[in-house]
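The values are calculated or read from the model by the stated rules, or taken from the named source; none is laboratory data. Keep in mind the model is a prediction, meaning the values are calculated, not measured. Cβ sites come from the backbone with ideal geometry, for glycine too, and all protein chains shown count toward neighbours.
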Amino acid sequence: MAVLEMKRINIYALKSSRKKLLELLQRRGVLELNTPEQAEDCFSKTNTDSARLTFEKNIQLLTGAVAILDGLSPPEKGLPAILAGRKSISVSDYDATAQEAAAVTKTASRITALSKNIADNKAEILRLNAQIDALQPWMNLDISMRTIGTNSSSVFIGSFPEELTEEELKARLAQALPEVSALEAEIISSQSQQTCVFLVCHGKYGMQVESALRAMGFTYPVAPSKLPPAQRVEDLKERIRTAQAEIASATEEIVSYADKRESLLFTADYYTMRAEKYRVLGELWQSQHVFQVTGYIPAEDAFALEQELESKFQVCVELEAPGPDEEIPVKLKNNFFAAPVEGVLEGYSLPGKHECDPSFIMSFFYYVLFGMMLSDAAYGLLMVLGCGFVLWKFTNIEPGLRKTLKMFFYCGISTTFWGVMFGGYFGDAVSVIAKTFFNSDFTIPPLWFAPLDDPMRLLMFSFLLGVIHLFTGLGIQFYQLAKRKKFADALYDVVFWYFLVGGLILLLVSTDMFRDMAGLNFTMPPVVGTLSAIFAGIGAVGIIFTAGRESKSIGKRFLKGLYGLYGVSSYLSDILSYSRLLALGLATGVIATVFNQLGSMMGGGILGAIFFTIVFVIGHVLNLAINLLGAYVHTNRLQYVEFFGKFYEGNGRKFAPFTANTKYFKITEEK
């Protein structure tokens, strides 16, 4: 378990080498920039916001073009594509392809323009179709809808907001206009809530007729057609066909750029790197000829970077130990066994100042506790084979996902071990299959015991494992305090709790009541109970007199001491929390057994085998998924609440180096 030692680094170099030096630092990814707020009077900062904004706009343009391309010509997706990871590209290929960035950006602009053209034409088609729909009631009209009459006649083309027959219409007109004899009306179409009509009268009655029509609810068309409706519809359909042809042409051209997808994504990454570089450039202190880079670097990488910089550039590199009050970033380094659980630790918090990295110790407990909760050898073997195959097949998988798969690989090994110890192979599938289909009593006995037959033994073992887990956390706290030479605090905050909690546990175990309840087959000597009581008393007295030691008042100190002693109840609840090992372990076995029994309900034979197979596959997939999630969540909880609560505060800041934060490709150095 290790938190890497950090060095503060100061680099002074000529501005003529600024571009190449920053690119090298970005590719190495070992330096976190930490620019001081003030510098010498001759230094200033350069405003790079405009250039960075241009790069960010180009990134949006390129990623948008890829999204358009993917919508019309979808790339290969699915789990294999996700597991394949980012494609590697060498530095020389990066430099060569970067020269094409302008041309690729122009291609992205063309794709975006074509997509806009498609969107505009689709909107136009919707608008034209809406116009056609509006003209449908007027299709029987063979003149322009804008006709208003002649020198001697007035024409009215419009609609009433209700369904009318020609007889009803003429009756209403006769009632409203009894003195107008020269009035002709024709219904063009009639439907629910609308009647389209054509009316003509002598010109001298025009205003009178219009006034009467408006009183009856008559309205003119909103957008009357200049051409006869049927002719206008044909014109609109021709425009729709033209728009559809433009859409097809634009779509075909966009699809023709499918082979440019990789170049578009690479260029997006290229601009991402440049935007990051210009962000950093804007934070650096610079003079007329020199610039300064300041930050943190892991001590193990400092010498190599210093040598490389001095061999390639005219630079001055200063390395020094950080000050005691500096907020130093945290970078973890663990072996193959502990590194996979670093993600679990980061999910809680990274180690703070004066704290050690608990990943190595936590990894042992994590794998053991996870395996006990799932505790089925077949499930564990499936996890091992599945994770192992992915790790073997996809060598370029992303580091974070690789760590997670390794963690579940080791959890699978632990699950297999505990499954063998408890005799779980898809629950009791072995005995059910043997009995149902072969009329045999064959079974695979547990190497230790079957939890379903002896749950109390598993409960006692879970409590024992919990006590070891908690006491290990206290031991880490003792180590951290002793390392800082706070020996008194180590005595008060750790040793006294060892005495109190350990003494109470041994005192409880030595009682006849507990021995009978737990089914223990051994008896503690009386001296153990006596010594346990003495140690528990020493611990209790020590806690009462030291838990409130920061208070100057004797009364407050004593009251805080009593309150500190009350903390023993939290240890009781913490130990009881480990009963979840029993609960989840039994849940896995019981649910698996239920599905096995359901599958065997139809007995043997071909139909029975088919039914059993279906129920077996569906049931155990569900059981594995549910209990895998449950084991993961509750194992994390035991680390975060019970284990970390004894020694760990966290609040460390993760090491965030200046690096190539690319999304689609990763740059690899040539050997």
Six or more apart or on different chains, Cβ under 6 Å: which pairs go from a residue in the range 425-442 that's in the same structural domain as residue 594 (by TED's automatic domain parsing) and under 15 Å from residue 377 (Cα atoms) to one that's of a type in the set (Gly, Ala, Ser) and outside any strand (DSSP E or B)? Could you list them?
425/377; 425/378; 426/378; 426/592; 427/589; 427/592
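Taking helices (runs of 4 or more DSSP H) that fall entirely within the range 285-375, which contain at least 2 residues that are in the same structural domain as residue 449 (by TED's automatic domain parsing)? Working first, answer last.
Details: elements: 299-312, 342-348, 359-374.
Counting at least 2 such residues, we get 342-348, 359-374.
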Inside the range 588-601, can you point out the residues that are of a type outside the set (Val, Ile, Thr) and buried (at least 19 other Cβ atoms within 10 Å of the Cβ)?
589, 592, 595, 596, 599, 600
State which residue is surrounded by the most Cβ atoms within 10 Å (Cβ to Cβ) when the search covers only the range 419-443 and only residues that are charged (D, E, K, R) and not in a helix (DSSP H, G or I).
428
Please identify the pairs in which a residue from the range 324-352 that is polar (S, T, N, Q) and surrounded by fewer than 20 Cβ atoms within 10 Å (Cβ to Cβ) has its Cβ atom under 6 Å from the Cβ atom of a residue that is at pLDDT below 95 and assigned to a loop (DSSP other than H, G, I, E, B), counting only partners at least 6 apart or on another chain.
349/650; 349/651
Among the residues of the range 608-618, are any closer than 30 Å to residue 345 by Cα, free of Cβ contacts under 8 Å to residues at least 40 places away in the same chain and out of contact with any Lys or Arg (no Cβ under 6 Å at 6 or more places or on another chain)?
no
Pick out, from the range 455-529, the helices (runs of 4 or more DSSP H) lying fully within it that include 3 or more residues that are assigned by TED's automatic domain parsing to the domain that holds residue 589 and in contact with a Phe, Trp or Tyr (Cβ under 6 Å, 6 or more places away or on another chain).
455-483, 496-509
Of (1) farther than 30 Å from residue 267 by Cβ; (2) among the polar types (S, T, N, Q); (3) touching a residue at least 60 places away in the same chain (Cβ under 8 Å); (4) surrounded by fewer than 16 Cβ atoms within 10 Å (Cβ to Cβ), residue 152 fails just (3)
Quick one: which helices (runs of 4 or more DSSP H) lie wholly within the range 7-90 and hold at least 1 residues that are of a type in the set (D, E, K, R)?
18-28, 49-72
Checklist (1) buried (at least 20 other Cβ atoms within 10 Å of the Cβ); (2) closer than 30 Å to residue 500 by Cβ; (3) touching a residue at least 60 places away in the same chain (Cβ under 8 Å) applied to residue 561, failing item
(3)
The one condition residue 226 fails out of (1) touching a helix residue (DSSP H, G or I) at 6+ places or on another chain (Cβ under 7 Å); (2) assigned to a loop (DSSP other than H, G, I, E, B) is (1)
